[in-house]
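The values are calculated or read from the model by the stated rules, or taken from the named source; none is laboratory data. None of these values were measured; they are calculated from a predicted model. Because the Cβ atoms are built from the backbone with ideal geometry, glycine has one as well, and the counts that use them run over all protein chains shown.
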Amino acid sequence: MSFFQKPQKYFIITILSFTVLIFTFCTPFTAAAQNNAEEYKIGVGDTLRINTWKEPDFSLEAAMVRSDGIITFPLLDDIKAQGLTTMELKAKIEKKLTEYVEAPNVTITLADPVSQKFYILGEIRGTGEYPISKNLTVMQAFALAGGFTEWASKNEILLIRRSDGQKTTITIRYKDILKGDFSKDIALKADDTIIVP
């Protein structure tokens, strides 16, 4: 192998190694984000974009969920949206539209999801209330809140989750996530509270 062939060989090995690292580190985040997207429950104040394929009269650019949890849809009148996922609402609208459209195909996008919020308190630079405007994990929440203060106890972080009247407390060890244990990088849900002691 000549002098000029060696650098090319090492360059290819470096690129391949870098690609494997990116795939390894990004896959857990993508999975967490996907799970969170599927579980997102529509809430009061959210704005939905509803598109019925080839049916502009049955499409809405901005349907806001009213305080009673309902949206108004052409010809279908009031439809309860609060508490449903986008896929559940899609199925509900498609079923109602069969009276007017043959085999309707509806797509629902969260244009402005404002009802879902989480809270972060303690030794973090930007304590307060934040919207879950995308599929956030706890690591992303730390970044969103400006990172830790110098006094933060990063291995005793608590995630308090309320669901169906029950309260669950999860301990998060920040260093475990940094070491590659992405199962600890939990996807956030509405009304989660993160406490950094």
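Being in the same structural domain as residue 53 (by TED's automatic domain parsing) and closer than 16 Å to residue 43 by Cβ is the requirement here; does residue 132 meet it? Before you say what the answer is, go through the steps one by one.
Working: in the same structural domain as residue 53 (by TED's automatic domain parsing): no; closer than 16 Å to residue 43 by Cβ: yes.
No; evaluated as a whole, the condition is false for this residue.
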Reported set for region 131-141 where residues are surrounded by 18 or more Cβ atoms within 10 Å (Cβ to Cβ) and hydroxyl-bearing (Ser, Thr, Tyr) is 137
Considering every residue within region 142-149, establish whether at least one is closer than 14 Å to residue 174 by Cβ, among the aromatic types (Phe, Trp, Tyr) and surrounded by fewer than 18 Cβ atoms within 10 Å (Cβ to Cβ).
-> yes
Do you know which residues across region 157-195 are exposed (fewer than 15 other Cβ atoms within 10 Å of the Cβ) and either modelled with pLDDT of 95 or more or within 17 Å of residue 119 (Cα to Cα) (or both)?
-> 162, 163, 167, 168, 169, 170, 171, 191
Hey, among the residues in region 58-83 that are of a type in the set (Val, Ile, Thr) and not in a loop (DSSP other than H, G, I, E, B), which one's farthest from residue 101 (Cα to Cα)?
-> 70
